[in-house]
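Following: one structure in structure tokens, then a few remarks.
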Amino acid sequence: MTTHSDGAASGHAQQAVIRRRPVPSRRRRDGLIQFARDKTSQNGEDGILEHLFSVILSQESQGPRWCVDVGAWDGVHLSNTNSLLTDKGAENDNTHGWKGVLIEADPEKFKQLQALHEPLGNTCVSAIVSGQASSPNSLSCLLKEQKRKQQQQETNESTSEADLHVLPNNFDFLCIDIDGMDYWVLSDILEHSDWKPKVICVEFNPTMPSDLIYIPPTPTPNNHTNEESRHGASLAALVELACEQHDYVLIETTLYNAFFIEKSTYQSNVALQLLVPDTSIEALHETTMGTSLYQLYDGTLKLWGCQKLLWHRIPIKESVIQMLSPQERNFPFAPSSEGTQQVDNDTLYQTFEANNTIIDVHSWCSPGNETNNDSIRGQCATALLKQLEEDGFAYVRAPLDVPTCESALKFTKMFLQDANENVRRSCLVKDRAKRGYSPFNTENFASLLGLNNGGKNDLVRKFRLGPLSSANGKKDNSNDGGTSVNNSLLQPNVWPRGEDWNQAVEFQETIQHYYSQIASASNAIVSAICHALIQQHVELEPSLRPLMSRWSGSDNDNTPNNDSSILTLLGYRTGARHRQGKKKQFPLVAAHTDVGMVTVLLFDRGQECATLQRRASPNENKKAPDTEWVDVPLPPLVEGKDPIFVVNVADCLSELSGGHLPSTLHRVVPSGTGEHTNKNPATRNGCALFVGLDPHQKLLFPSRKEENLNGEETKEGYSMTFEEWRKQRIARAQSALSSPPGS
């Protein structure tokens, strides 16, 4: 059952409490483990083996004891057989001493192994043991070959004496420690050979829980290096193999090793049964190095237990393993009509409305509606102008449907964040500042002001498109890079191909539809701004009236064929700049102004990644002198409520307004904790329409008063086309960028 909760009664926020509760263990400590001690072994194996063999081996039996050590290393380091084979008390005693076959793959370690054991009469074999039963390097084949050699060497001795120097099929002890293929080597001995060791010590993966049966991948016939199966097996898998499929009993474990004994030996040895009465995994093992995952209701994954890669010695970070980004985490079954996220979004939307001035431009987007009388439209235009005159930015509510906006943001994320980079790069064109894909670190918006942003390029992916058709007669889906188009502002669009990306068609349809809708709303916004400016500054009518005629009143597509408006899809993600200190942190997009008429921006809820900021207005500086930048947020999209957009004035409209509208500096800065990684980044995605004009539109820029070193002076008006003005504006920035400091 789910209920609403308001938190602690005290009213103080409390972090999650995470601690370990003592749990009674079934692990017995009164068996062989009590005799654990190390001479050369790692976790008490020397003492366990010494006591075990003292219990099960008869002193009256004739002949040496035999052991086989697979992965013997140098014969000393972490060795489980060194104590057996180098016991001075058993030297030259063929009655109760130990003899061994020791196998090692590492050439240098093998030399050390030989130097230690060959003088003691033990057999050393340099070989990579394969887990493939049919391989000549399988353990069963290697032992068979060694037995053949031993028999050949002893042909001149008496039969009884010769047998003392030959490895018997039922040898006493098998130790397997080869870090990965142990399961299949043991399987080869138990299932595909006549070898029947009395006691087996085999390594298991200590991170695997006791209820997990994990059997490593089957080795392939052509692999003899074991590199393809460096996994290790679970203890439960080895118990299944030895105890359930063959006649062995589990009698003890250490941290890494399991000990098995023949069932017949266990059942006939009362002393051993009294020492180890319970042979279950639960009685003989406790997982102390396991790593567990648990899930929170919102989709967060949490770690419990061992939180490092044991053999690599690096930590496992919770931020890396998350399947959902922070903004995607919510509980989908919270008690509300449409889910907790919907309740939260409604609240956020309402709070945003209460704290911000939002201009509703419906009356300008649907002029044919009788309810949209001149008075309502005039009030809307005046309110919009007042807001833009203050700081160059405004929030507007426009009549786009929420599904259109949601789909545009969804496919923006799919293309710029989720798709393969090769898909994006298939949309690279020669002039990527106007069409197609622009990768990270390839543009610098500071250059628009003649600045270089400390040599740092903008950390954002972009995809640009223009009108769906142009006066040049080019249609969408052209992939010629725009080389055949004479006017740089009217290039054909370029799209990913279906053979490269299975979402290509739906992506194109979705973004084209959004372009059509937002272009229509944007043209209406420009008309409203021009209307209010003319009402208050009659002298601007010659400059602004042509802009109002752009809006055709069509119900379907208010974008003129020769419009140069560019829709730019924006994709930010957390990276190195997020992890820098605030004082050293560079923006993701440098401070800049926009070049065209206005920009209309929509973005998603990526608060953990990127924040749009504008330069504080003079009034804001007076109220808070230390405030240089102001965050520009947006509320979430909410079904049933019209979306809210950010509108900011661009340079061309600012000049056409005679300076009454400021083109305000703005930038995008890193936000969030910066704990995300490349494998699991936080993202922010947006759709920005940079509203332009017909490149050949003749513009009349009014006279304006400007402040300079000599005081205030009047700058004479001038006339030129939009394309000419745009080129001149960019040339001024490039000139400033190339000029020496102080020039």
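Having 1 or more residues that are under 29 Å from Lys622 (Cβ atoms) is the bar; report the helices (runs of 4 or more DSSP H) wholly within region 340-441 that clear it. Walk me through it before giving the result.
Values: elements: 340-355, 362-365, 374-391, 402-413, 421-425.
By residue number, 340-355, 374-391.
Scan (1) modelled with pLDDT under 90; (2) under 27 Å from the mean Cα position of the chain (by Cα); (3) open to solvent by 60 Å² or more (accessible area, probe 1.4 Å); (4) closer than 30 Å to Val505 by Cβ for the single condition Ser325 breaks and write down its number.
All conditions pass for Ser325, except number (3).
With respect to Val595, determine if the residue is part of a loop (DSSP other than H, G, I, E, B), of a type in the set (A, V, I, L, M) and under 15 Å from His666 (Cα atoms). Let's see the steps before the verdict.
Numbers: part of a loop (DSSP other than H, G, I, E, B): yes; of a type in the set (A, V, I, L, M): yes; under 15 Å from His666 (Cα atoms): yes.
Criteria met by Val595.
Just to be sure, is Leu293 of a type outside the set (Asp, Glu), under 30 Å from Cys201 (Cα atoms) and surrounded by fewer than 16 Cβ atoms within 10 Å (Cβ to Cβ)? Spell out the reasoning first.
Numbers: of a type outside the set (Asp, Glu): yes; under 30 Å from Cys201 (Cα atoms): no; surrounded by fewer than 16 Cβ atoms within 10 Å (Cβ to Cβ): yes.
Here the answer is no, as Leu293 does not meet what is asked.
How do the pairs read when you match residues in region 662-677 that are assigned to a loop (DSSP other than H, G, I, E, B) with residues anywhere that are among the polar types (S, T, N, Q) and modelled with pLDDT under 70, using Cβ under 9 Å and keeping only pairs 6 or more apart or on different chains?
Gly674/Gln580
Taking the residues in region 272-290 that are open to solvent by 80 Å² or more (accessible area, probe 1.4 Å) and assigned to a helix (DSSP H, G or I) as candidates, determine which candidate is farthest from Ser210 (Cα to Cα).
Leu274
Across region 21-43, what is the number of residues that are more than 27 Å from Trp73 (Cβ to Cβ) and open to solvent by less than 80 Å² (accessible area, probe 1.4 Å)? Walk me through how you get there before you give the answer.
Residues of region 21-43 more than 27 Å from Trp73 (Cβ to Cβ): 21-31, 34.
Adding the requirement that they be open to solvent by less than 80 Å² (accessible area, probe 1.4 Å) leaves 25, 27, 30-31.
Number of matching residues: 4.
Identify the residue in region 44-82 that is in a loop (DSSP other than H, G, I, E, B), among the polar types (S, T, N, Q) and out of contact with any strand residue (DSSP E or B) (no Cβ under 7 Å at 6 or more places or on another chain) and, among all such residues, is least open to solvent (accessible area, probe 1.4 Å). Don't jump to the end; show me each part of the working.
Kept after step one, since they are in a loop (DSSP other than H, G, I, E, B), are these residues of region 44-82: 44, 57-64, 71-81.
When the remaining residues are screened for being among the polar types (S, T, N, Q), the result is 58-59, 61-62, 79-81.
The next check asks that each one be out of contact with any strand residue (DSSP E or B) (no Cβ under 7 Å at 6 or more places or on another chain); those that pass are 58-59, 61-62, 79.
Working: Ser58: 55, Gln59: 115, Ser61: 39, Gln62: 149, Ser79: 6 Å².
Ranking the qualifying residues of region 44-82, first place goes to Ser79.
Restricting attention to region 110-128, report how many residues are open to solvent by 50 Å² or more (accessible area, probe 1.4 Å) and either under 17 Å from Asp182 (Cα atoms) or among the charged types (D, E, K, R) (or both). Spell out how you get there, then give the answer.
First pass over region 110-128, keeping only residues open to solvent by 50 Å² or more (accessible area, probe 1.4 Å): 111-112, 114-116, 118-120, 126, 128.
With the extra rule that they be either under 17 Å from Asp182 (Cα atoms) or among the charged types (D, E, K, R) (or both), the set shrinks to 111, 118, 128.
Residues in region 110-128 being open to solvent by 50 Å² or more (accessible area, probe 1.4 Å) and either under 17 Å from Asp182 (Cα atoms) or among the charged types (D, E, K, R) (or both): 3 in total.
In the set Lys641, Lys582, which member is modelled with pLDDT under 90 and either open to solvent by 10 Å² or more (accessible area, probe 1.4 Å) or assigned to a loop (DSSP other than H, G, I, E, B) (or both)? If you could, list the steps in order and put the result at the bottom.
On the way: Lys641 fails: modelled with pLDDT under 90.
Among Lys641, Lys582, only Lys582 is modelled with pLDDT under 90 and either open to solvent by 10 Å² or more (accessible area, probe 1.4 Å) or assigned to a loop (DSSP other than H, G, I, E, B) (or both).
Quick one: which of Gly596, Gly659 is of a type in the set (Gly, Ala, Ser), open to solvent by 10 Å² or more (accessible area, probe 1.4 Å) and under 26 Å from Thr404 (Cα atoms)? Walk me through it before giving the result.
Working: Gly659 fails: under 26 Å from Thr404 (Cα atoms).
Of Gly596, Gly659, the one residue that is of a type in the set (Gly, Ala, Ser), open to solvent by 10 Å² or more (accessible area, probe 1.4 Å) and under 26 Å from Thr404 (Cα atoms) is Gly596.
Can you confirm whether region 241-255 contains a residue that is part of a loop (DSSP other than H, G, I, E, B) and surrounded by 19 or more Cβ atoms within 10 Å (Cβ to Cβ)? So that I can check it myself, show each step before the final result.
To start, the set of residues in region 241-255 that are part of a loop (DSSP other than H, G, I, E, B) comprises 245-247, 254-255.
With the extra rule that they be surrounded by 19 or more Cβ atoms within 10 Å (Cβ to Cβ), the set shrinks to 254.
Looking for residues that are part of a loop (DSSP other than H, G, I, E, B) and surrounded by 19 or more Cβ atoms within 10 Å (Cβ to Cβ), one finds at least one in region 241-255, hence yes.
So, in region 299-316, exactly how many residues are touching an Asp or Glu at 6+ places or on another chain (Cβ under 9 Å), at negative phi, surrounded by 13 or more Cβ atoms within 10 Å (Cβ to Cβ) and part of a loop (DSSP other than H, G, I, E, B)?
Of region 299-316, the ones touching an Asp or Glu at 6+ places or on another chain (Cβ under 9 Å) are 299-303, 307, 311.
Narrowing the set further to residues that are at negative phi leaves 300-303, 307, 311.
Narrowing the set further to residues that are surrounded by 13 or more Cβ atoms within 10 Å (Cβ to Cβ) leaves 300-303.
Narrowing further to those that are part of a loop (DSSP other than H, G, I, E, B): 300.
Residues meeting the conditions: 1.
For region 256-271, give me the residue count where each residue is open to solvent by 20 Å² or more (accessible area, probe 1.4 Å) and out of contact with any Leu (no Cβ under 7 Å at 6 or more places or on another chain).
Residues in region 256-271 being open to solvent by 20 Å² or more (accessible area, probe 1.4 Å) and out of contact with any Leu (no Cβ under 7 Å at 6 or more places or on another chain): 10 in total.
For residues in region 423-453 being open to solvent by 60 Å² or more (accessible area, probe 1.4 Å) and closer than 18 Å to Tyr572 by Cα, which is modelled with the lowest pLDDT?
Arg432
I'm trying to understand the selection: among the residues of region 500-525, which are among the β-branched types (Val, Ile, Thr), surrounded by fewer than 23 Cβ atoms within 10 Å (Cβ to Cβ) and closer than 28 Å to Val361 by Cβ?
Here is the first cut: in region 500-525, the residues among the β-branched types (Val, Ile, Thr) are 505, 510-511, 518, 525.
Of the ones still in play, those that are also surrounded by fewer than 23 Cβ atoms within 10 Å (Cβ to Cβ) are 505, 510-511.
Of everything in region 500-525, those that are among the β-branched types (Val, Ile, Thr), surrounded by fewer than 23 Cβ atoms within 10 Å (Cβ to Cβ) and closer than 28 Å to Val361 by Cβ turn out to be Thr510, Ile511.
The values are calculated or read from the model by the stated rules, or taken from the named source; none is laboratory data. It should be emphasised that the depicted structure is a prediction, and the values quoted were computed from it without experimental measurement. Don't worry about glycine lacking a Cβ; one is built from the backbone with ideal geometry, like all the others, and counts go over all protein chains shown. Accessible surface is based on the protein model in full, side chains and every heavy atom, while ligands, DNA and RNA are left aside. Shrake-Rupley method; radii C 1.70, N 1.55, O 1.52, S 1.80 Å.
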